[in-house]
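A short reminder: the numbers here are calculations on the coordinates, not readings from a lab. What you see is a predicted model; the values in this text were computed from it and never measured. Because the Cβ atoms are built from the backbone with ideal geometry, glycine has one as well, and the counts that use them run over all protein chains shown.
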Amino acid sequence: GENVEQHPSTLSVQEGDSAVIKCTYSDSASNYFPWYKQELGKRPQLIIDIRSNVGEKKDQRIAVTLNKTAKHFSLHITETQPEDSAVYFCAASISFQKLVFGTGTRLLVSP
Amino acid sequence: GAVVSQHPSRVICKSGTSVKIECRSLDFQATTMFWYRQFPKQSLMLMATSNEGSKATYEQGVEKDKFLINHASLTLSTLTVTSAHPEDSSFYICSARDSSGVADTQYFGPGTRLTVL
């Protein structure tokens, strides 16, 4: 089955810096890659997603890139703000079916 | 975005009792819902896929007789933890798949924190 690895497990940045979180997946059939932000005790919130027919997608300060050949995708957050502090999860799915999540990255943005 | 509710938000029960958790899609019909479990400081682990009108599909290692799933309507799925034990204490989160529009997306419920004494 699908296996998703995520790095780093923790990431500390200064406000205004950029943050990059990377994930790799194992199943070449996966074609949908969402990213979720989860605050303590809350539900995961979809922040951006990308489908396998696209190499890059951007939404304001957030961007995701996908390299199908290497089977990895990355989340880029620019101009980080303290409210970006949370746990971020990547996930992979085949045709929008069950999501296999990465292990999570705890992002801390210091003022 | 679409709204998914979960009830109860938290429950404390004694060991050996059964607990039912409801997951509802409030503004769309969900033929497929998913149940996840999340232990503290860990990722979400899929327990089972719930399909309306048919039996749930359980992930490897998840006991189907212990975690009963019913998806009787297009807006409601329930997870019953039978004979709960302290090791079942966890954060249970459902998601509902909305495939009605251009974007096929899963929306998560707010989660249910189960504590088994």
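All alpha carbon pair distances within region B:1-51 were sorted into 10 Å bins beginning at 0; the resulting P(r) in whole percents reads 19, 45, 32, 4. By the rule of a C-alpha distance below 17 Å, with chain neighbours fewer than 8 residues away ignored, the lysines paired with A:Lys98 are B:Lys55.
Which percent, to the nearest 5, of DSSP beta bridges fully inside the protein assembly as shown are antiparallel?
Numbers: 73 of 82 bridges.
The answer is about 90 percent antiparallel.
Calculate log10 I(q)/I(0) of chain A for q = 0.17 Å⁻¹, where I(q) comes from the Debye formula with a single equal point scatterer on each Cα and nothing for solvent. At q = 0.17 Å⁻¹ the computed log10 ratios are -0.74.
Label reach from A:Gln45 (point 7 Å along Cα→C-beta): in region B:78-117, amide nitrogens under 19 Å belong to B:93-96, B:105-112. Normalised by 2.2 N^0.38 Å, where N is the number of residues, the C-alpha radius of gyration of the protein assembly as shown stands at 1.02. Amide H to amide H, with H built 1.01 Å from N, A:Ala86 comes under 5 Å of A:Leu107, counting only residues 5 or more places away or on other chains. With R₀ fixed at 25 Å, the C-beta to C-beta distance from B:Ser18 to B:Asn51 puts the FRET efficiency at about 0.65. 3J(HN,Hα) couplings calculated from phi for region A:30-41 with the Karplus curve 6.51 cos²θ - 1.76 cosθ + 1.60 (θ = phi - 60°) are, in sequence order, 4, 9, 9, 9, x, 10, 10, 10, 10, 8, 3, x Hz; Gly and Pro show x. Annotation for region A:7-36 versus region B:1-63: alpha-carbon center distance of 25 Å. For chain B, the relative contact order works out to 36 percent when only alpha carbon pairs closer than 8 Å and six or more residues apart are counted. Based on the alpha-carbon gyration tensor of region A:53-107 and its eigenvalue square roots a ≥ b ≥ c, which shape applies: rounded if a/c is under 1.5, prolate if not and a/b is larger than b/c, or oblate? Since a/c reaches 1.5 but b/c is at least a/b, the shape of region A:53-107 is classed as oblate.
Close lysine pairs were tallied over region A:1-96: pairs 8 or more places apart or on different chains with Cα atoms under 18 Å apart number 10. Projected onto their three principal axes, the Cα atoms of region B:70-117 cover extents of 45, 20, 12 Å, largest first. Calculated on C-alpha atoms, the gyration radius of chain B divided by its Kirkwood radius gives an Rg/Rh of 0.96.
Averaging 1/r over each pair of different alpha-carbon atoms in region B:37-98 and inverting the result gives 12.5 Å, the Kirkwood hydrodynamic radius.
Per residue, the average separation of C-alpha pairs within less than 8 Å and at least 6 apart gives region A:45-111 a relative contact order of 22 percent.
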